[in-house]
Amino acid sequence: MAPPSSSDRWLELSVLDVLSRWPASARLFLRYRMACIGCDFSRFDRLGEALAVHGLDPQVFLEGLAAVADPDRDTLAQGEPS
């Protein structure tokens with residue numbers, strides 16, 4: 001299951017937005033040992049920024065996010081982020 005081709009728009013979401021939209025994504029953050037859950041900066045830090053700080057490949061993370069968001073279909077491709 002591949003994330004949308006224009007992944008930049010997803011990397012612009014705040015970490016808090018990602019966790020709010022896809023609660024199952026918390027497992028992914030924990031798997032990569034990202035301390036974003038409960039962090040005061042999660043509402044300000046963009047997903048792309050958090051991945052860069054943690055030295056993670058955005059494409060790999062987005063593939064994982066698509067899988068945990070909805071294992072049966074690509075939930076990320078269902079619409080534009082607001």
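Values quoted throughout were computed directly from the atomic coordinates according to the rules given, and no laboratory measurement underlies them. Computed from a predicted model, the values in this text were never measured in an experiment. Backbone-built Cβ (ideal geometry, glycine too); neighbour counts: all protein chains shown.
Available extension along the chain between Ala35 and Asp57 is 6.3 nm, counting 0.36 nm per residue and deducting the alpha carbon span.
Projecting label points 7 angstrom from Cα along Cα→Cβ for Ala26 and Phe44 puts them 2.4 nm apart. Rounded to the nearest 20 debye, the dipole magnitude of region 8-68 is 240 debye, with +1 charges on Lys and Arg beta carbons, -1 on Asp and Glu beta carbons, and the Cα centre as origin. Sorting 44-56, 14-26 by average packing, meaning the other beta carbons within 10 Å per residue, from highest down gives 14-26, 44-56. Contact order, relative form, for region 8-68: 44 percent (alpha carbon pairs under 8 Å, 6 or more residues apart, mean separation divided by residue count).
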